[in-house]
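Below is one structure; the comments refer to it alone.
The values are calculated or read from the model by the stated rules, or taken from the named source; none is laboratory data. Worth saying up front: this structure is predicted, and the values here are computed from it rather than measured. Every residue, glycine as well, gets a Cβ built from its backbone with ideal geometry; the counts of neighbours run over all protein chains shown. For accessibility, only protein heavy atoms count, side chains too; no ligands or nucleic acids. Shrake-Rupley method; radii C 1.70, N 1.55, O 1.52, S 1.80 Å.
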Amino acid sequence: MDQKKPYLVATLIQVIYAGMFLLSKAALNSGMSCFVFTFYRQAAATLFLIPIAILFERKQVPELSFKVFMKMFVLALFGITGSLDINLFALSYTTSTLAAATTNTLPAITFGLAVLLRMEVVNLKKISGTAKAAGIAVCLAGAVVIAFYKGPHLNPFHHHYHLNADSNHGHSTTTMSWIKGVFLMLSSNFLWGMWLVLQGPVLKCFPSKLLFTTIHCLLSAIQSFFVALAIDREFSRWKLGLDIALVAIVYSGVVVTGFTFYLQAWCVEKKGPVFLAVFTPLSLVITMVSSVFFLGELINLGSVLGGALMVGGLYFVLWGKGKEEKDGKLQVLENSTQKLEEKEAKEIPV
C-alpha cells in the first residue's frame, strides 16, 4: 500500500486542480469579477496559512531584509497577482478545458525561461537536449492549434449544467475573443514560470518555504485588493453570498493553495518533481469530461488536438530532462569508479 501512496497522492493533486478550473469558471459564469475573485482567493489562502506558519516555523524565522522583501513584493506582483488576474480574465473568454490544457505548457515554459537565463543548458548534440528542444516546439505548436483552429464540436449525449449558473455573464466566444483568451492564458503561464524560476535565488536568502509562501499570499492579497478596487468599484461585485462563488474562493484559497502545497511537497520528496509532472495531463482529461457534464461546455476538435500536442511536448521535455539527469549520475559513477581503480592501482606494490 505504501508503494501506491505516491500514485494516489499525485492523482488526487490533479483532481484538486481540475476542481479548481471547474469551480473558477462556474464562479465567473455566475457574475463574479475575476479581479475580486483573485483578492478573495489570496485572502482566504493567507488566513489559512498564517496560523500554520506561526505554529510550525515561529522558532526558526530567518532574517528578512528590506532588499529580500522587495524581491518578494515584485515576485508576488507579477508571478501571483498578475498571473492569477490574467488567468481568470482569460478564463472568462474561454473554457475550463483550455485552462487545464495550457497548464501543460508550464513545465516547457519554465524550462525555456531557465535556458534563456542560463540556469539550464540545452546540448543539441545529445538526444536529451534535442528532446527538450523538440518538446518546447511541440508545446508551442499545440498552443497555435488551440488558438487558430477550433474544428467541429464533439457533442456529448447528455448535458447536466449543475455548476453553470449563467454563462451570459462571460464574454462571447467569438474567434477573436477565443484567440485573445488563449494568448492571455499563455501570458499567465509565462509569468507563473518566471516566478518559479526567479524564486530560487530568493529562497537562498530566505530559506523558509512555508513562510515564503505565506508572505507571498499576503502580499498578493494586498496587491490584488488595490487592483480589484481600481477596476471594480461597484459594491455589488464584491458582495459574497452562499453560492458557487464562495465555494470556489474557499476551495481555491484553502484546498489548492494550502492543502495541495503540502501534498506536492510530500510527493516530490518521495518520488521527485518529474514523477509529479508526469501526472499533469490527468487534470486536462478530468476537466474536459467534467466541464461537458457540469458546465455544459462544448469541446471542439482543436482543443483536443492542441491539448494532445501540449501533453506530447510536456513528455518530450520531461523525458529529455530525466535522461539528462540519469546520464549525469552514470557519469559521476563512472568517474568515481575510475578514481577508485586508479587509487587501488597506486596502492598495489610493484
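Residues of the range 117-126 include none that is touching a residue at least 40 places away in the same chain (Cβ under 8 Å) and open to solvent by less than 30 Å² (accessible area, probe 1.4 Å). Within the range 6-58, the residues that satisfy the criterion of being more than 19 Å from the chain's Cα centre (by Cα), of a type in the set (S, T, N, Q) and open to solvent by less than 20 Å² (accessible area, probe 1.4 Å) are ASN29, SER33.
Looking at the range 238-254, is at least one residue within 29 Å of ALA114 (Cα to Cα) and modelled with pLDDT of 75 or more?
yes
Every test in (1) part of a helix (DSSP H, G or I); (2) under 23 Å from PHE261 (Cβ atoms) is passed by LEU64 save one, and that test is (1). The residues in the range 216-243 that are within 26 Å of LEU203 (Cβ to Cβ) and in contact with a Leu (Cβ under 8 Å, 6 or more places away or on another chain) can be counted, and the count is 6.
Look at VAL311 and say whether it is under 30 Å from ALA45 (Cα atoms), at pLDDT 75 or above and open to solvent by 50 Å² or more (accessible area, probe 1.4 Å). Considered against the rule, which asks whether it is under 30 Å from ALA45 (Cα atoms), at pLDDT 75 or above and open to solvent by 50 Å² or more (accessible area, probe 1.4 Å), VAL311 comes out as no.
Within the range 1-28, residues that are basic (Lys, Arg) sit with their Cβ atoms under 9 Å from residues that are surrounded by 15 or more Cβ atoms within 10 Å (Cβ to Cβ) and at pLDDT 85 or above, at 6+ positions apart or across chains, in these pairs: LYS25/ALA248.
Quick grid of which residues meet (1) without any contact (Cβ under 8 Å) to a residue 12 or more places away in the chain; (2) within 17 Å of the chain's Cα centre (by Cα):
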position	(1), (2)
LEU184	no, yes
SER188	no, yes
TRP192	no, yes
VAL197	no, yes
LYS204	yes, no
PRO207	no, no
LEU210	no, no
THR214	no, no
CYS217	no, yes
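Is there a residue in the range 208-215 that is touching a helix residue (DSSP H, G or I) at 6+ places or on another chain (Cβ under 6 Å) and surrounded by fewer than 16 Cβ atoms within 10 Å (Cβ to Cβ)? Among the residues of the range 208-215, not one is touching a helix residue (DSSP H, G or I) at 6+ places or on another chain (Cβ under 6 Å) and surrounded by fewer than 16 Cβ atoms within 10 Å (Cβ to Cβ), which makes the answer no. Of all residues in the range 83-101, those satisfying the criterion of being outside any helix (DSSP H, G or I) and surrounded by fewer than 24 Cβ atoms within 10 Å (Cβ to Cβ) are SER92, TYR93.
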